[in-house]
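A short write-up of the structure that comes next.
The values are calculated or read from the model by the stated rules, or taken from the named source; none is laboratory data. From a predicted model like this one, the values you see are computed outputs, not experimental measurements. As a convention, Cβ positions derive from the backbone with ideal geometry for all residues, glycine included, and neighbour counts pool all protein chains shown. Just the protein is used for accessible areas: all its heavy atoms, side chains included, with ligands, DNA and RNA removed. Shrake-Rupley method; radii C 1.70, N 1.55, O 1.52, S 1.80 Å.
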Amino acid sequence: MTFTVTNEGNPTKYLAIDCEMVGAGAKDYRTRWSGIRPRDLFNATPYPEARKEILRLLMGKVVVGHAIHNDFKALGYTHPSALTRDTSRIPLLNQKAGFAEKECASLKRLTKAIFNREIQTGRKGHSSVEDAKATMELYKVVEEEWEMILVSKSRPT
């Protein structure tokens, strides 16, 4: 697995994360999607050490990701829902992109529709850095309005 954690905006409050998954076994690296080759892992930080550092960075932060439950699952971690922003589940983004409100649009499609920018292209697989940055940029498009909606939903009626 490769993880990218990006502090964009307010570096003490928000953090974007993306994990590129590699499979199990000696030959299943999912290079087409992950961009990871066996040689990339020779000197990699061991998973337990990387996980510990990532969890330290996530503590107390608003964590932004796209289908972020997959990233948390890879970490064996549950982040407080009040501090989680999943750009795959924001109706405001879908509206701005011209998609159905409840559609679970891919990060690639949302980025293209909202910023007219291509991501996840080429033959080297996805870039977790590019994906995390795109996710944070998407969040910033709707941040003010979305946060007001979240606050209004959390108030007792």
| query | Where residues in the range 29-75 are surrounded by fewer than 19 Cβ atoms within 10 Å (Cβ to Cβ) and on the phi > 0 side of the Ramachandran plot, which of them is farthest from the chain's Cα centre (by Cα)? | reply | Arg30
| note | When (1) of a type in the set (Ser, Thr, Tyr); (2) at pLDDT 95 or above; (3) more than 27 Å from Ile36 (Cβ to Cβ) are applied to Ser81, the one that fails is (2)
| message | Please go through (1) open to solvent by less than 10 Å² (accessible area, probe 1.4 Å); (2) in contact with an Asp or Glu (Cβ under 6 Å, 6 or more places away or on another chain) for Leu138 and return the number of the only condition it doesn't satisfy. | response | (2)
| For the range 111-129, what are the residues that are surrounded by 16 or more Cβ atoms within 10 Å (Cβ to Cβ) and under 16 Å from Val63 (Cα atoms)? | Ser128
